[in-house]
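Peer 1: Quick one: structure below, then a few questions.
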Amino acid sequence: MKQEARYHRLAVEIANQIAEGKYTINDKIRSRSTIASSFQVSAETARKALQVLVESNVIEARAGSGFYVASIEHAQQFVDLYSKTRSIRELRQDMLASILRQKQELEHFDKIIRELEEHTKNTPQELAFSPYKCTVPQGCIHIGKQLQELQIWQRTRATIVAIVHEGDYIVSPGPFARINQHDVLYFVGDFSSKEAMHRLLMEGGTN
């Protein structure tokens, strides 16, 4: 503990003894050396503590005689003031600790948000290369048509990357490839492309 804080604490301890009735008005306070020895502090710390009490009108110094109790009321006021000051100081420390925790939490949340934003930013690109698939239903009005006739890109913003016909895979089918009932079409695009492809193939079809 710093010396300044220690002599204030010592002054409070002496004032508290006076307020509790250990001393009465005009009682002589123990000598500086005795106080230093009793409280295990330096003589300088004891001197400063007594000086604080003199300035607060708790005790008075009599030349060549020592220190005497001047006011029990002032002693109590001194103790009360110290308690209030300590409470305010502790409250301030609690507030600072709380602010620090909030700052750390905000930094943590900010990190999470940045990670989510980065993930969200990359998601469309990832989805664009993760193919969807759909099956040409029975009765679809587009059965037998070539891909170029369907204008799939213009209507759905999807790109057909493969067709599975009776177990055979046709990878990167050209514009003249035809779709048949129960063919499985693999395509890439975003969520809206998936919905648009479903609507396109369901035209006139049944599950």
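Peer 1: Looking only at helices (runs of 4 or more DSSP H) that fall completely inside region 1-55, which ones have 3 or more residues that are under 48 Å from the mean Cα position of the chain (by Cα) and polar (S, T, N, Q)?
Peer 2: Fully inside region 1-55 and qualifying: 3-19.
Peer 1: Does Arg155 qualify as being within 53 Å of the chain's Cα centre (by Cα) and among the basic types (Lys, Arg)? Write out each step before concluding.
Peer 2: Working: within 53 Å of the chain's Cα centre (by Cα): yes; among the basic types (Lys, Arg): yes.
Taking the combined requirement at face value, the residue satisfies it.
Peer 1: Considering only region 102-113, I want to know if a residue exists there that is crowded, with 16+ Cβ neighbours inside 10 Å and at pLDDT 75 or above.
Peer 2: Of all residues in region 102-113, those crowded, with 16+ Cβ neighbours inside 10 Å come to none.
Looking through region 102-113, none of the residues is crowded, with 16+ Cβ neighbours inside 10 Å and at pLDDT 75 or above.
Peer 1: Please go through region 9-29 and give me each residue that is under 16 Å from Gly66 (Cβ atoms) and crowded, with 19+ Cβ neighbours inside 10 Å, ordered by number.
Peer 2: Ile14, Ile18, Tyr23, Ile29
Peer 1: Which members of region 136-154 meet the condition of being more than 15 Å from Phe187 (Cα to Cα) and not in a helix (DSSP H, G or I)?
Peer 2: Scanning region 136-154 gives Pro137, Gln138, Gly139, Cys140, Ile141, His142, Ile143, Gly144, Lys145, Gln146.
Peer 1: What is the one condition in (1) among the small types (Gly, Ala, Ser); (2) over 21 Å from Glu20 (Cβ atoms); (3) not in a loop (DSSP other than H, G, I, E, B) that Ala75 does not satisfy?
Peer 2: (2)
Peer 1: So which residues in region 143-160 are of a type outside the set (Lys, Arg) and in contact (Cβ under 8 Å) with a residue 40 or more places away in the chain?
Peer 2: Leu150, Ile152, Thr156
Peer 1: So the check is Cβ under 8 Å with 6+ separation or different chains; which pairs have a first residue in region 22-44 that's in the same structural domain as Val12 (by TED's automatic domain parsing) and a second one that's part of a loop (DSSP other than H, G, I, E, B) and small (Gly, Ala, Ser)?
Peer 2: Once the first residue is in the same structural domain as Val12 (by TED's automatic domain parsing) and sits in region 22-44, its partners that are part of a loop (DSSP other than H, G, I, E, B) and small (Gly, Ala, Ser) give Ile25/Ala70; Ile25/Ser71; Lys28/Ser65; Ala36/Ser42.
The values are calculated or read from the model by the stated rules, or taken from the named source; none is laboratory data. Small disclaimer: the values here were computed from a predicted structure and weren't measured. Here the Cβ is made from the backbone with ideal geometry for all residues, glycine too, and neighbour counts use every protein chain on show.
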